[in-house]
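Quick notes on the structure that follows.
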Amino acid sequence: MKLSGLDSAFLALESETWPMHVICLTVVDASDTEGRVDFPAFAETLAARLPRLPLLSRKLVHSPWGLSRPHWVPDPDFDFRNHLHRATVPAPGGRRELALLAAEIYRNRLDRDRPLWEWWVVDGLENNRIAHLWKVHHACIDGRAGASMQEVFFDADPHGAVSREVVPLPMPDEEDPLPEGLARYGELAKSVAGMPVRLAGRIGTTVQGAVSAAMTGRLAQAMPLNMPRTRFNGQVGKERSYGFCTVSLSDVKTVKNTFGVKVNDVVLAIVGGAIREQLDTFGETPDKQLVGTVPVDATKGGTRSSGNLITGMLVGLSTDVADPAERLLCVHENALASKAVQGALGNDMLANLADTPPPALMGLGGDVFRGVNAASLLPPVCNAVISNVPGPRAALYSQGRKVEAFHSMGIVADGFGLFVGGMSYDDQIDIGVLADKEMLPDPFALADSIVEQLNMLLKAAHEFAGTSVEPAVESAVAPAGEPAAETPAPDTPHGDPADPADPIDPVDLAELPEPSAHRAAAGETAAAVLGGVVAAVGDVAAAPGVPLVPAQKSAAQKSAAQHPRRKAAEGTAKAAATPRPRRKPASAAAPATGA
């Protein structure tokens, strides 16, 4: 099977400082065995599941001189035991020790002479927990395919029977088979000769999409060009730092329903607020809003296979707005604009662009980019990559033991030195923070700040609703291996049960309502209550770093401010507009602190 252009790009751009694999860190409650692992039994279980995922027994065959995309072919020497490893976390076996081990496993590239994956079984965790780290190349899967694979590796019930329906991930041999003999050179010549034609077609399609995007009238809001340069926009090294946290999906949906936004808007707002807080600790809070790149599922017609079917869009994180509730509404408006522009550009634009150059040329471009440190010379493309993937909707089990969390480790590269990835699981969202080690020495500070940002929004939501539900900080930031405390379910509805993760999906321009219609249909309540929320929770309204109102309001702020109920509320609501003093800069080389 021939790789797609996007799959091939992940291989071509890989280097020692840009490893292009991802990891899913899975924490399992093994209290019944006091944290011991029956390794032979697990190996037997894994071997029984692998036939359902044919890609994991295939290896790469590259074209001569890298002038055509590689092929996946069955590996005649495949032995899954070559991919299965064991490790023990050093004492005391807390979340920081587990994260350090995960970062060490992450740093080494996968062997391209074998199928591109590894599985690590980890013991030694406190509170009788064990962990699994599945490391796989991004050329094999994207976030959604990886989430689907979790339901193959793990069970839907504690007795080991896979009762849930799992979407198959077929790899048909007859689709783009590897040419033999002279046919390989014929394919090579065809690929090289067709590049000018493909390039002309891609340029035409891109121009057409750009014109359509401009006609939405929201291009400037969806693609801000004046984003600030931060510490995360430089050149990355080989070392990574990693941290994680867990937040309640019910709490996220409480905030979502109170303010009339989407689950992903809440995720973007709390991550953006946490990044702002961390930059503030370094004395580097920018005056302009930070911008995140959000991967978007580009699956068509509901079908799904392995490989990458993704595109991406920019979303302004409104970090120049100090009030968390107002920031959330602004992020919502920015996301609407980004969806409209993304729908106009088309879901396959990124895949089409990646399909144009041969791998050798793309790899040469990556080498040049790294060699001249272009990330420090060119304007930043974004300030962070923020992903939120819908995962298993109910509890899963490993050999009868409950899976407690799925934390992700994505990709960072020059100019993209920070990745924050979330995956919904049961009634929680598990979040991983991966960064260049020099850029973010203590990733758990950022992870814990994400939880704090949600608690601020949750308090605002409960204050407005007249309830008094204490945010579950302990369960949200519990170290890996510690059982999460039970969180009381809020009285507010939790949204559509058919779509608990509420993923950001590209929408057709014709289906997107006008901003005024959207506010009347969904955002009217959120905009109307903002003044009351600010008055009721002034103690959490002012975040550190920048003035509450910037010199010139963004399009998102103007859109929220124009709502008639918001104007009426402003007549009686008084916000605590005095900014808190900026914190003293913290040294980037300072040792990590915390749990």
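You will find that of Arg36, Arg95, Arg81, the residue that is more than 29 Å from Pro359 (Cβ to Cβ) and without any contact (Cβ under 8 Å) to a residue 60 or more places away in the chain is Arg81 and no other.
Looking at the stretch 336-368, which of the residues that are of a type in the set (Val, Ile, Thr) and farther than 23 Å from Leu317 by Cβ is modelled with the highest pLDDT? It comes out as Val368. Only one of the numbered conditions (1) closer than 26 Å to Ala145 by Cβ; (2) at pLDDT below 95 is violated by Ile23, and that is (2). Among the residues making up the stretch 241-274, a single one is under 19 Å from Ala413 (Cβ atoms) and surrounded by fewer than 24 Cβ atoms within 10 Å (Cβ to Cβ): Ser241.
Scanning the stretch 33-48 turns up no residue that is of a type in the set (Val, Ile, Thr) and at pLDDT 95 or above. Taking the stretch 65-78 on its own, how many of its residues are of a type in the set (D, E, K, R) and in contact (Cβ under 8 Å) with a residue 24 or more places away in the chain? Number of matching residues: 2. Condition first: open to solvent by 40 Å² or more (accessible area, probe 1.4 Å), part of a helix (DSSP H, G or I) and farther than 27 Å from Ala103 by Cα. Can you find one or more residues in the stretch 1-19 that meet it? The answer is no, given that none of the residues of the stretch 1-19 is open to solvent by 40 Å² or more (accessible area, probe 1.4 Å), part of a helix (DSSP H, G or I) and farther than 27 Å from Ala103 by Cα.
Out of the residues in the stretch 26-43 that are hydroxyl-bearing (Ser, Thr, Tyr) and farther than 20 Å from Met149 by Cα, state the one that is least open to solvent (accessible area, probe 1.4 Å). Per the stated criteria, the residue is Thr33. Cβ-Cβ distances below 9 Å connect the following pairs, each with a first residue in the stretch 50-64 that is within 19 Å of Ala9 (Cβ to Cβ) and at pLDDT 90 or above, a second residue that is in a helix (DSSP H, G or I) and of a type in the set (A, V, I, L, M, F, W, C), and a separation of six or more residues or different chains: Leu60/Leu11.
Residues in the stretch 225-270 that are hydroxyl-bearing (Ser, Thr, Tyr), in contact with a strand residue (DSSP E or B) (Cβ under 6 Å, 6 or more places away or on another chain) and assigned to a loop (DSSP other than H, G, I, E, B): none. Taken over the stretch 69-84, the criterion of being over 18 Å from Leu11 (Cβ atoms) and of a type in the set (A, V, I, L, M) is satisfied by Leu84 alone.
Anything in the stretch 44-71 that is surrounded by 15 or more Cβ atoms within 10 Å (Cβ to Cβ), in contact with a Phe, Trp or Tyr (Cβ under 8 Å, 6 or more places away or on another chain) and either hydroxyl-bearing (Ser, Thr, Tyr) or part of a helix (DSSP H, G or I) (or both)? List them, or say none. Even if it seems obvious, please write down each step before you answer.
First pass over the stretch 44-71, keeping only residues surrounded by 15 or more Cβ atoms within 10 Å (Cβ to Cβ): 45-46, 49-50, 53-60, 62-63, 66-71.
Retained after the next criterion (residues that are in contact with a Phe, Trp or Tyr (Cβ under 8 Å, 6 or more places away or on another chain)): 46, 49-50, 55-60.
Residues satisfying the conditions are Leu46, Arg49, Leu50, Leu55, Leu56, Ser57.
Thr88 falls short on exactly one of the conditions (1) open to solvent by 40 Å² or more (accessible area, probe 1.4 Å); (2) β-branched (Val, Ile, Thr); (3) modelled with pLDDT of 70 or more; (4) in contact with a helix residue (DSSP H, G or I) (Cβ under 8 Å, 6 or more places away or on another chain), and that condition is (4).
Please go through the stretch 109-167 and pick out each residue that is open to solvent by 30 Å² or more (accessible area, probe 1.4 Å), in a loop (DSSP other than H, G, I, E, B), over 20 Å from His21 (Cβ atoms) and modelled with pLDDT of 90 or more. If the condition is that a residue be open to solvent by 30 Å² or more (accessible area, probe 1.4 Å), in a loop (DSSP other than H, G, I, E, B), over 20 Å from His21 (Cβ atoms) and modelled with pLDDT of 90 or more, then Gly124 is the only one that fits.
The values are calculated or read from the model by the stated rules, or taken from the named source; none is laboratory data. The model shown is predicted, which means the values in this text are computed figures rather than measured ones. Using ideal geometry, Cβ is built from the backbone for each residue, glycine included, and neighbour counts are taken over all protein chains shown. Please note that ligands, DNA and RNA were not included when accessible areas were found on the heavy atoms of the full protein model with its side chains. Shrake-Rupley method; radii C 1.70, N 1.55, O 1.52, S 1.80 Å.
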